[in-house]
Amino acid sequence: MEQAVRDGLIKVNPARVSGWQRQYQQVEDELNGPRALALPDREALQALTKALVARSHGQYQGLGRRGHLRLLYSSADR
């Protein structure tokens, strides 16, 4: 494959794996620090809630502030 790249037959060697170290480090950080996965602020949580309601069957409002995601809102206030 490297020879094909040198000869100009292909632009990139598909057998070469790159970028895995960065992805591996990100996964390690997330495992060691679960706050890395947290939403940054209340507005992000509200946007997520609206998106979930919009994508649910019949735009089920029970997922919103009065429903299942209410726990997330109360947790975000802490």
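The values are calculated or read from the model by the stated rules, or taken from the named source; none is laboratory data. Nothing here was measured: the structure is a model prediction, and the numbers come from that model. Accessible surface areas use protein heavy atoms only, side chains included; no ligands, DNA or RNA. Shrake-Rupley method; radii C 1.70, N 1.55, O 1.52, S 1.80 Å.
Output the residues belonging to region 7-25 that are part of a helix (DSSP H, G or I) and open to solvent by less than 100 Å² (accessible area, probe 1.4 Å). Give the derivation first.
Within region 7-25, the subset part of a helix (DSSP H, G or I) is 20-25.
Passing the criteria: only 25.
Select from region 27-63 the residues that are under 21 Å from the mean Cα position of the chain (by Cα) and open to solvent by 100 Å² or more (accessible area, probe 1.4 Å) and write down the one among them that is nearest to residue 1 (Cα to Cα).
Going through the qualifying residues, I end up with 31.
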